[in-house]
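Beneath this line is the structure, given in structure tokens, with notes to follow.
The values are calculated or read from the model by the stated rules, or taken from the named source; none is laboratory data. Everything numeric in this text was worked out from a predicted model, so none of it was measured. Cβ atoms come from the backbone with ideal geometry, glycine included; neighbour counts cover every protein chain shown.
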Amino acid sequence: MATSGSGGTDGDDASIGTAVALENVRKTYQLGEPVHALDGVSLEIPRGSYTAIMGPSGSGKSTLMNLVGCLDTPTEGTVVVDGEDVAALTDRERTTLRGTTVGFVFQTFNLMPRLTALENVALPQLFQDVDRGTRRERARDLLERVGLADRADHLPNELSGGQRQRVALARALVNDPALVLADEPSGNLDTETEADILDLFAEFHDAGTTMIVVTHERHVAERAERIVHLLDGTLERIEELDGSDEGASRPAGEGSRSIGGGASPSDAADGDDGASS
Ligand SMILES: Nc1ncnc2c1ncn2[C@@H]1O[C@H](COP(=O)(O)OP(=O)(O)OP(=O)(O)O)[C@@H](O)[C@H]1O
Ligand SMILES: [Mg+2]
């Protein structure tokens, strides 16, 4: 699909049906010997789809997520997110795109150590034009939904690993982002909590959010519509799943996207840069 539109971050151009497009993407790290973390990957992620990414350790999964999450730019090739060529944006534009469109759950959580759980979750909303009270209310709602209402005032080092992971999840979802990127989101969770989180993902997906989830667990991947298998920095194969409990077609537009009645991202404007994590 063409991605040559000139639209703004709302992507109202030829790329409307595509959330993410990678074309011949290479990422090479120069550490003495060059490391080809990604070695020519082309991939299209339709808007509103649910994709799992699997592959052995070191196959390039986190590298791919960092590129799609606008945290990094490719050595070669193009990464288009929401109609924007990420490498062509200024740092500020990239930060804004990330803050308004993407919810990122890092493999290493990246919580702010001096902020409480509630403050961590509320943080991304600095990009939204909503007041502090509304931000805290929305953050509290998300914390409740990941089962941490009673830990709102804890600092990250006063939380267990699985609880930190859930704070990171709540933070990624608090802006109701169009695109959720989750790198091993259930790695530290017990079975019951994992099931709750996967149900929450399904709920966001049902509301039209584009979901990309990295996992080593087959049963986690099987909640998606397709599994992208990476091997040594290349796309080994794409496995389409039946998705028996998921409708085959879902609204491509963003109008229906709203979870939990929180703030709508639709009129998020150019907030200050400071909120990036
Ligand atoms: N900043 C960096 N500098 C040099 N090499 C790197 C850097 N980041 C990643 N790599 C290398 O790139 C390759 C891909 O790393 P990546 O983190 O994407 O793997 P992964 O698939 O996420 O693995 P895991 O399942 O262990 O998280 C690895 O060989 C890694 O050592
Ligand atoms: Mg990784």
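Summary table below
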| item | result |
| --- | --- |
| Residue check for Thr101: within 13 Å of ligand 2 (Cβ to nearest atom) and either within 21 Å of Glu217 (Cα to Cα) or in contact with a Ser or Thr (Cβ under 7 Å, 6 or more places away or on another chain) (or both) | no |
| Residue match in region 111-120 (condition: assigned to a strand (DSSP E or B), more than 15 Å from the chain's Cα centre (by Cα) and of a type outside the set (S, T, N, Q)) | no |
| Hey, Gly103 crowded, with 20+ Cβ neighbours inside 10 Å and either assigned to a helix (DSSP H, G or I) or in contact with a His (Cβ under 7 Å, 6 or more places away or on another chain) (or both) or not | no |
| Filtered residues of region 106-144 (kept if surrounded by fewer than 22 Cβ atoms within 10 Å (Cβ to Cβ) and over 27 Å from Val214 (Cβ atoms)) | Arg114, Thr116, Asp129, Val130, Asp131, Arg132, Gly133, Thr134, Arg136, Glu137, Arg140 |
| Qualifying positions in region 84-115 - over 18 Å from Leu126 (Cα atoms) and within 16 Å of ligand 1 (Cβ to nearest atom) | Phe106, Gln107, Thr108, Phe109 |
| Single unsatisfied condition, Ala88 versus (1) more than 30 Å from His219 (Cβ to Cβ); (2) within 16 Å of ligand 2 (Cβ to nearest atom) | (2) |
| So Leu169, is it modelled with pLDDT of 50 or more, away from ligand 1 (no atom under 16 Å from the Cβ) and in contact with a strand residue (DSSP E or B) (Cβ under 7 Å, 6 or more places away or on another chain) | yes |
| Ala252, sole failed condition from (1) at pLDDT below 95; (2) hydrophobic (A, V, I, L, M, F, W, C); (3) crowded, with 22+ Cβ neighbours inside 10 Å | (3) |
| Residue satisfying all of: in region 40-83; part of a strand (DSSP E or B) and away from ligand 1 (no atom under 16 Å from the Cβ); nearest to Arg226 (Cα to Cα) among these | Tyr50 |
| Residue count for region 95-135, restricted to those that are basic (Lys, Arg) and under 14 Å from Asn175 (Cβ atoms) | 2 |
| Selection count where residues are in contact with an Asp or Glu (Cβ under 8 Å, 6 or more places away or on another chain), under 12 Å from Glu76 (Cα atoms) and away from ligand 1 (no atom under 11 Å from the Cβ), scope region 16-39 | 4 |
| Enumeration of residues in region 34-77 that are of a type in the set (A, V, I, L, M, F, W, C) and either within 16 Å of ligand 2 (Cβ to nearest atom) or in contact with a Phe, Trp or Tyr (Cβ under 6 Å, 6 or more places away or on another chain) (or both) | Val35, Ala37, Leu38, Val41, Ala52, Ile53, Met54, Leu64, Met65, Leu67, Val68, Leu71 |
| Some residue of region 157-164 being among the polar types (S, T, N, Q), within 24 Å of Ser59 (Cα to Cα), surrounded by 20 or more Cβ atoms within 10 Å (Cβ to Cβ) and touching a Leu at 6+ places or on another chain (Cβ under 7 Å) | no |
| Hits in region 183-230 - residues which are closer than 23 Å to Thr63 by Cβ, buried (at least 20 other Cβ atoms within 10 Å of the Cβ) and free of Cβ contacts under 8 Å to residues at least 60 places away in the same chain | Ser186 |
| Condition check for Thr234: surrounded by fewer than 20 Cβ atoms within 10 Å (Cβ to Cβ) and within 15 Å of Leu169 (Cα to Cα) | no |
| Among the residues listed as Arg94, Arg132, Arg98, the single one being among the charged types (D, E, K, R) and out of contact with any strand residue (DSSP E or B) (no Cβ under 9 Å at 6 or more places or on another chain) | Arg132 |
